[in-house]
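This report refers to the structure that appears directly beneath it.
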Amino acid sequence: MKTVSILVFVILTFSCKDDIGFNPNSYDGQYPKNMDGSDIQTYKSEILGGQIEASFNGHTWNHAPYLSINAEVLSPPNSVGGSQELFISISSLLTNRPIESCILETLLFRVPLATGITSMNKFVELTEHEYTVLKFTSINCDAGKDQYVMDRSVENTINVLSYDPLTGAIHAEFDLSFKISQRNSSFGPIYPERVVLKGRVETNLK
């Protein structure tokens, strides 16, 4: 009798989960999903503008055919801290065209132009608008989707491992956590409530 009761409980539990199904307004899984809850297509992404090894919620950041890296120097008065800063953008692209490439996701960050670890939790306090220093967003080509903010309950860091002022070569690591602040589930892909991006990037300043 006890065995039968346990079996009935297990069946009911799974039935309830099926009834709940995929909710695009509160999804918080590992991968982005299609509107029907199925997995998005993944790729062996071609890296543009340098080299990168990165994970998205624990899996390889491989949601688009291309990952594009751009790095530049920001000088006062365009810097936040009053000195030169390194600005890096990493974008996953569905298409790679000189004009109007189809962007799926973008990570942006800026830190002092010097080797060493920067606590982004502290660095964002230098500006009124966090998105000018650190930002992750999902996009669907020219249509804006989900907006994220830094998860300040954990430590977020950028580590500039090396910088060569003669060649402009940059080697940096990032460990960043975000939580969704504005969701748009009217079209896909559907992104999770929380995003953790970790990785290493090598590129040259433009």
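Each value in this text was obtained by applying a stated rule to the coordinates, not by laboratory testing. Only a predicted model underlies this, so the values are computations on that prediction, with no experimental measurement involved. Heads up, the Cβs are rebuilt from the backbone with ideal geometry, glycines too, and the neighbour counts pull from every protein chain shown.
Note on mean projected area of the Cα convex hull in nm²: of the candidates (1) 14.3; (2) 15.7; (3) 17.5, the value calculated from this structure sits at (1).
Annotation for region 19-121: chymotrypsin sites (Phe, Trp or Tyr not before Pro) lying in DSSP loop with at most 10 further Cβ atoms inside 10 Å of their Cβ do not exist.
Regarding region 121-203, what whole-number volume in Å³ per residue does the convex hull of its Cα atoms give? Convex hull volume per residue, Cα atoms: 131 Å³.
To the nearest 20 Debye, how big is the dipole of the chain about its Cα centre, given +1 on the beta carbon of each Lys and Arg and -1 on that of each Asp and Glu?
280 debye
Estimated at 0.36 nm per residue, the fully extended path between Asp151 and Leu126 surpasses their Cα-Cα distance by 7.3 nm. Ellipticity at 222 nm from helices only: DSSP H runs of n ≥ 4 in the chain, each -39500 (n - 2.57), divided by the residue count, give -3500 deg cm²/dmol. Peptides 74-83, 118-127 ordered by packing proxy, namely the average of other Cβ atoms within 10 Å per residue, highest first: 118-127, 74-83. Percent relative contact order of the chain, based on C-alpha pairs within less than 8 angstrom and at least six residues apart? Once divided by the residue count of the chain, the mean separation gives 22 percent. Taken along the Cα-to-beta-carbon direction at a fixed 7 Å, the label points for Asn204 and Ser162 span 1.5 nm. For region 151-203, the list of trypsin sites (Lys or Arg not before Pro) that fall in a loop by DSSP and count at most 16 other C-beta atoms within 10 angstrom reads Arg152. The modelled label-to-label distance between Thr95 and Ala169, using points 7 Å beyond Cα along the C-beta direction, is 3.6 nm.
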